[in-house]
Amino acid sequence: MKNKILTTVSIIMMFVPWTILPLRMFDWALQSPTAEIMISCYAAFMIFSGIFTITSYIKAKVQNNMMKVCLIVNSLYGIFGVVVLGQIVGNGIAM
């Protein structure tokens, strides 16, 4: 049962970052403070989902085929989230 729950959560976490695309169609989402906050929150969620999936795979021993796909995708999301947050922090320091 635990394996199914952790796999389902990881699957859902794979699709959540794509919800930023419909949100970015609104004008308010493109304005300066809102855009940075929204992108930072999505990046933090992507980092969390990568850590959650890696932890579920290694420590909880949830090692089915779908979890392997989630591990690859969410790990890439996590790396991308770290890069994005690094760029945001780097731009804030440079100013």
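Where a number appears in this text, it was derived from the coordinates with a stated rule and is not lab data. No experiment lies behind these values; they were computed from the predicted model shown. Here the Cβ is made from the backbone with ideal geometry for all residues, glycine too, and neighbour counts use every protein chain on show.
Listed values, structure above:
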read-out: For the chain, size of Cβ-based charge dipole, Lys and Arg +1, Asp and Glu -1, in debye; value: 580 debye
read-out: For the chain, projected area of the alpha-carbon convex hull averaged over all directions, nm²; value: 6.7 nm²
